[in-house]
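Data first, discussion second: the structure below is written as structure tokens.
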Amino acid sequence: MTAINLRSDIAGAPTTKEAAVPNMDEAKGKIKQAAGDLTDDPQLHKEGQRDEQAGKVKEKLQDAKDKLDDAVDKVRDKINDR
């Protein structure tokens, strides 16, 4: 009996709810940067940069988690195939 992997890798779409969140952080950061530029608010611009970077870090962590999950799934499949 083989394990079923319920995650989807269709056209690079996020595979979990958590995977979509970093993109929201990046978008929020870019919006804050633009708002800071429009209002001449350097603090808001900096906050946007931090939000954008946080989103990128979260995305990298999610990618690492997904790769680890895939590796665990492969090991489970090999164990279940015995």
Search result, residues across segment 46-82 that are in contact with a Ser or Thr (Cβ under 9 Å, 6 or more places away or on another chain) and surrounded by 15 or more Cβ atoms within 10 Å (Cβ to Cβ): Gln62, Asp66
Per-region count, segment 43-82, residues more than 18 Å from the chain's Cα centre (by Cα) and polar (S, T, N, Q): 2
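Every number in this text was worked out from the coordinates using simple rules, so none of it is lab data. Note that this is a predicted model, so its numbers are computed, not measured. FYI the Cβ positions are ideal-geometry reconstructions off the backbone, even for glycines, and counts take in every protein chain you see.
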